[in-house]
1. Which one is surrounded by the fewest Cβ atoms within 10 Å (Cβ to Cβ) among residues in segment B:313-329 that are in contact with a strand residue (DSSP E or B) (Cβ under 7 Å, 6 or more places away or on another chain) and not hydrophobic (A, V, I, L, M, F, W, C)?
2. What is the one condition in (1) within 14 Å of another protein chain (Cβ to nearest Cβ); (2) modelled with pLDDT of 95 or more that B:Thr131 does not satisfy?
3. Just the residues that are aliphatic (A, V, I, L, M) and within 25 Å of A:Arg6 (Cβ to Cβ), please, taken from segment A:96-134.
4. Pick from segment B:250-303 the residues that are within 14 Å of another protein chain (Cβ to nearest Cβ) and assigned to a loop (DSSP other than H, G, I, E, B): which of them is surrounded by the fewest Cβ atoms within 10 Å (Cβ to Cβ)?
5. Tally the residues that are charged (D, E, K, R) and in contact with an Asp or Glu (Cβ under 7 Å, 6 or more places away or on another chain), restricting the search to segment B:344-388.
6. Residues to consider are B:Ser188, B:Ser182, B:Ser198; find the one that is of a type in the set (Ser, Thr, Tyr) and within 14 Å of another protein chain (Cβ to nearest Cβ).
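The values are calculated or read from the model by the stated rules, or taken from the named source; none is laboratory data. Small disclaimer: the values here were computed from a predicted structure and weren't measured. Cβ sites come from the backbone with ideal geometry, for glycine too, and all protein chains shown count toward neighbours.
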Amino acid sequence: MTQGPRFWRSIDQRYNLEGVKCGNCGQAIFPARTLCPTCRHLSVGKLAPFQMSGAGTVESFTVVHSPPNGFELQAPYVMAIVKLAEGPKLTAQIVDVDNADMRVGMPVHKVFRRINQDGEGGVIHYGYKFSARPVRGQGAKGQAPMPVEGPRGSHRSPGAPGRLG
Amino acid sequence: MRPVAVIGVGMTKFGELWEKSFRQLVAEAGLEAVRDAGIPGEKIDAMYVGSMSAGRLIGQEHLGPLAVDEAGLAHTHMPSVRVEAADASGGAAFRQALLAVASGAHDVAVVGGAEKMTDVIDQEQINTLATAADQEWEAFFGATYPSLWAMMAQKHMHDYGTTREQLAMVAVKNHLHGSMNSKAAYGSVIDAKTVLGSPMVSDPLRLFDSASNVDGAAAVVIADLETAKRLNPHPVLIKGSGSATDTLALHDRHSLTELAATRIAAERAYKMAGLKPADMQFAEVHDCFTIAEVMAIEDLGFVKKGEGGKAVESGMTGLKGKLPVNPSGGLKARGHPPGATGIAQIAELVWQLRGTAGQRQVQGAKRGLAHNVGGSGASAYVHILEGL
């Protein structure tokens with residue numbers, strides 16, 4: 001089992017989809033990196049926190065039937081590579097969809113969910129998943145289509161971290 | 001750099017070897033290789049050991065001295081180091097040894113590759129394989145090693161019309177080849193129905209699309225060509241070596257339907273050898289999943305991008321085809337002990353180029369290529385060998 005700090009360090013990124021923007025080339029980067037992969041040393045001191053909108057499209061996907069530890073109760077679940085509207089790509093679960101309805105190119109948006117748990121009574125990890133449910137009353141251009149969706153159902157426990165978007 | 005040749009190869013049977021420990025496997029493969037080379041242990045200048053995850057699987061690191069010690073050569077105090085590049089650890093270790101001998105630092109080196117998978121339960125094997133992926137940004141969110149290859153398969157099918165049946169044909173072919181290899185873990189012949197009816201692992205990849213993780217070890221002895229000719233009557237020349245890396249996470253790559261690391265490692269190996277894809281008579285490629293072989297024959301330049309599925313369907317990659325791929329049975333039928341696979345591929349090349357591969361002999365094999373991949377393609381190693 002891994003120690004807590006390893007996960008605390010990633011909270012802003014995993015909870016809020018916060019990346020960085022390179023002040024040198026303007027590229028949005030997620031997850032945050034020490035150096036912009038395009039500008040490298042020229043980006044030192046110029047990477048500013050940058051909030052991704054959470055909108056994206058599915059580049060490719062799979063339905064996982066043989067899960068790793070901590071995901072047994074979720075299988076079969078959809079994993080996908082999502083291209084964010086701002087450019088970066090990431091790997092995440094897709095929720096609110098029938099597995100058979102998954103398509104390459106499908107629009108999705110970020111939601112906040114429980115990811116897994118370190119064994120029985122262990123640390124519960126939260127982070128982003130992406131929802132395929134159509135968004136109602138979508139906001140203006142560049143805004144998060146669904147900026148905050150809290151943990152739902154049993155996830156809303158007293159032990160749940162309070163740092164929602 | 002001076003020319004280097006392989007002068008000895010050895011390999012344990014691959015499989016669920018409950019009765020054998022990691023160090024027994026290392027010693028068994030190493031002994032066979034050194035005997036094959038016909039040299040005494042004292043002639044060895046250095047050892048290299050490829051292993052993906054012995055620290056996790058058997059709780060043992062520091063494999064360099066372990067191998068020397070188990071070989072009974074601790075008194076020589078020879079240098080020995082473990083090399084890691086996920087399931088390309090064998091290919092990586094081979095390249096490090098090659099560079100050391102080519103540079104003149106050593107004249108004779110033994111390269112071993114080994115993995116002991118079955119001392120842990122299946123779940124821990126899944127978790128261990130996922131350590132080759134990006135732990136924080138892929139595995140944390142539930143991505144498994146098969147799921148990454150499944151996303152490549154999905155995209156390849158979407159973009160190029162590669163079919164489920166074509167993928168199945170890779171497994172059918174490799175099992176047929178493996179049935180002629182007494183050291184392969186799986187000697188049974190299967191049909192497409194078996195593949196298509198096997199349990200789903202990560203859609204569209206099923207159990208029989210996947211190479212099984214088994215126990216095993218392989219070893220080779222290499223020497224500079226001058227020393228090689230003096231020590232052994234059948235040296236096999238290492239004509240080309242190329243390696244390349246890519247982003248750790250699959251999602252950061254420009255394309256999901258090619259492994260740029262494979263393409264670039266191959267370009268480097270062809271350049272060093274002064275050869276092109278058409279100069280190869282056969283290849284051992286990294287078919288950790290059926291889709292991986294389809295993409296490999298494209299990325300290695302044997303067929304155009306997108307035509308790998310059709311090439312498999314045409315029979316081109318069968319033992320009697322224009323370019324036999326994985327005559328050994330590949331990772332699929334030989335079995336896949338991650339650290340040993342890259343060395344087992346080199347051993348197969350040597351047997352084929354010496355003309356001693358028996359029933360699965362590729363007729364007229366003068367040159368062969370070995371292709372070893374780490375994880376979802378963040379590492380790739382390509383080697384080209386030529387019979388003398």
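1. Start the filter on segment B:313-329 by keeping residues that are in contact with a strand residue (DSSP E or B) (Cβ under 7 Å, 6 or more places away or on another chain), which leaves B:317, B:323-328.
Narrowing further to those that are not hydrophobic (A, V, I, L, M, F, W, C): B:317, B:324, B:326-328.
Working: B:Thr317: 29, B:Pro324: 25, B:Asn326: 30, B:Pro327: 28, B:Ser328: 27.
Selected residue: B:Pro324.
2. The single condition B:Thr131 does not satisfy is (2).
3. We begin by selecting, within segment A:96-134, every residue aliphatic (A, V, I, L, M); these are A:97, A:100, A:102, A:104, A:106, A:108, A:111, A:115, A:123-124, A:132.
Of everything in segment A:96-134, those that are aliphatic (A, V, I, L, M) and within 25 Å of A:Arg6 (Cβ to Cβ) turn out to be A:Val111, A:Ile115, A:Val123, A:Ile124.
4. Applying the filter and picking the extreme gives B:His254.
5. Taking segment B:344-388 first, the residues charged (D, E, K, R) are B:348, B:354, B:360, B:366-367, B:386.
Keeping just the survivors that are in contact with an Asp or Glu (Cβ under 7 Å, 6 or more places away or on another chain) gives B:348, B:366-367.
So the count comes out to 3.
6. Numbers: B:Ser188 fails: within 14 Å of another protein chain (Cβ to nearest Cβ); B:Ser182 fails: within 14 Å of another protein chain (Cβ to nearest Cβ).
From the options B:Ser188, B:Ser182, B:Ser198, the qualifying one is B:Ser198.
Residue by residue, here is whether (1) within 13 Å of chain B (Cβ to nearest Cβ); (2) surrounded by fewer than 18 Cβ atoms within 10 Å (Cβ to Cβ); (3) touching a Ser or Thr at 6+ places or on another chain (Cβ under 8 Å) holds:
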site: A:Asn24; (1), (2), (3): no, yes, yes
site: A:Ile29; (1), (2), (3): yes, no, no
site: A:Thr34; (1), (2), (3): no, yes, no
site: A:Cys39; (1), (2), (3): no, yes, no
site: A:Ser43; (1), (2), (3): no, no, no
site: A:Lys46; (1), (2), (3): no, yes, no
site: A:Gln51; (1), (2), (3): no, yes, no
site: A:Gly56; (1), (2), (3): yes, no, no
site: A:Tyr77; (1), (2), (3): yes, no, no
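Matching residues to (1) within 14 Å of another protein chain (Cβ to nearest Cβ); (2) aromatic (Phe, Trp, Tyr); (3) over 21 Å from the mean Cα position of the chain (by Cα); (4) under 27 Å from B:Ser314 (Cα atoms):
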{"site": "B:Gln154", "(1), (2), (3), (4)": "yes, no, yes, yes"}
{"site": "B:Ala168", "(1), (2), (3), (4)": "no, no, no, yes"}
{"site": "B:Ala217", "(1), (2), (3), (4)": "no, no, no, no"}
{"site": "B:Asn232", "(1), (2), (3), (4)": "no, no, yes, no"}
{"site": "B:Pro235", "(1), (2), (3), (4)": "no, no, no, no"}
{"site": "B:Ser241", "(1), (2), (3), (4)": "no, no, no, no"}
